[in-house]
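Just below is one structure, and these are the notes that go with it.
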Amino acid sequence: STSSTEDTKTDTGSGDLITVGFSQVGAESDWRTANTESMKSTFSEENGYELIFDDAQQKQENQIAAIRNFIQQEVDYIVLAPVTETGWDTVLQEAKDAGVPVIIVDRMVNVSDDSLYTAWVGSNFELEGKKAAAWLYAYLQAAGKGEEPVNIVDIQGTIGASAQIGRTAGLEAAVSEHSNWTLLAKVSGEFTQAKGQEVMESLLKQYGDQIDVVYCENDNEAFGAIDAIEAAGYKVGADGDMIVMSFDSTNAGLTETLNGKIICNTECNPLHGPRVQEIIQTLEKGETVNKQEYVDEGIFSFDGAVSVISVDGAEYPVTKVTKEVIESR
Ligand code: AHR
């Protein structure tokens, strides 16, 4: 795995700095880059921290090795952004036995004993998926196409990651509710632009213009899918051959929403640094923290045709993307 220069804990006279070992998934997407930046700028020396950062290049074995290194280096806290949900029991037990609190961020872990981690903060990924599907339903209704057949392809994220599990589940629930919706295929684009493009190319070879909706599970996959669709001679957008939906609402993603290529973009907020810091500061005071905390997230669309959506009895406003909206984020 690749690590920053702070890789090895040295006695630099760091005084009262709190040492945090952060095992990051990788650098697969713009969202991830923003997340890393949020963590690095929060856990700086001037804020009272020594950060040991490890990039696992999307491999769980690298994350497990990083956690074992952090334990050996006797860090004060371990922060883990897990690539997938399962497979953490052994290493988290090791951290617990060593007395190092573990804070999970972004995606979840699925462990047999919840005391293996101290707290989790991240997104409600299934709600994100349900919101996207509710938007699609409302959009088709508003366009007078609510009763027409709708063929969907799902370019999934990394299989087994909470972000994939939740977003796929949200779509599948809607497909089973609407008898005119068909899920033609679901295939992983691994949350990257290159893979998103590659899988879209093969989906187009297989299904061509039968495809009405391309449900991409993050912005980078959507960028790749759009390139593939246009290279195959199709037009993306409300007045085109197929529409592309996405998640994350990164600046680049919202720019594609503004120009109508990503018709709807459901937010996934990457700015977890200050949230994790708040958890650590609360623990430092000897106080208890919430075991699990979801962050609030919005949903954006290219036009104002749908201004509110309803999911499980709750209403969520839809924001029409403008230049000002993008600049204000
Ligand atoms: O877990 C969050 C997801 O991971 C984001 O949607 C995606 O862009 C990232 O790679």
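Of note:
- Rounded to 5, percent antiparallel among DSSP beta bridges of the range 21-114: 0
- Legend: ranking of residues 316, 215 from fewest to most surrounding C-beta atoms inside 10 Å; resulting order 316, 215.
- If the chain linking residue 90 and residue 303 were pulled fully straight, counting 0.36 nm for each residue of separation and taking away their Cα-Cα distance, it would gain 71.8 nm.
- Inter-site label distance for residue 72 and residue 271 at 7 Å from Cα along Cβ, in nm: 3.8
- Segment residue 177-residue 112, extension gain: residue separation times 0.36 nm, minus the distance between their alpha carbons: 20.2 nm
- When DSSP beta bridges are restricted to pairs lying wholly in the chain, around 15% turn out antiparallel.
- Kirkwood-based Rg to Rh ratio, the range 170-329, C-alpha trace: 1.04
- Other-chain or far-sequence residues with amide H under 5 Å of residue 79's (modelled H): 21, 22, 23, 103
- Ignoring the sites themselves, the chain has its longest run without GluC sites (Glu not before Pro) in a DSSP loop having at most 12 other Cβ atoms within 10 Å at 148-286.
- With the simple spin-label model, which puts each label point 7 Å out from Cα in the Cβ direction, the residue 65 to residue 46 separation comes to 3.4 nm.
- In the range 1-151, the convex hull through the Cα atoms has an average projected area of 11.7 nm², a quarter of its surface area.
- Whole-angstrom Cα spans of the chain along principal axes, big to small: 65, 38, 37
- Least to most buried among 16, 239, 30 (fewest other Cβ within 10 Å first): 16, 239, 30
- The mean sequence distance of close C-alpha pairs (under 8 Å, at least 6 residues apart), as a share of the length of the range 241-308, puts its relative contact order at 36 percent.
- Residue-by-residue Karplus 3J(HN,Hα) for the range 110-127, coefficients 6.51, -1.76, 1.60, Hz, glycine and proline x: 10, 10, 6, 10, 5, 6, 6, 9, 8, 7, 9, 9, x, 9, 8, 5, 6, 4
Read-outs throughout are calculated quantities, based only on the coordinates presented, and are distinct from any laboratory measurement. Everything numeric in this text was worked out from a predicted model, so none of it was measured. Virtual Cβ from ideal backbone geometry, glycine too; neighbours counted across all protein chains shown.
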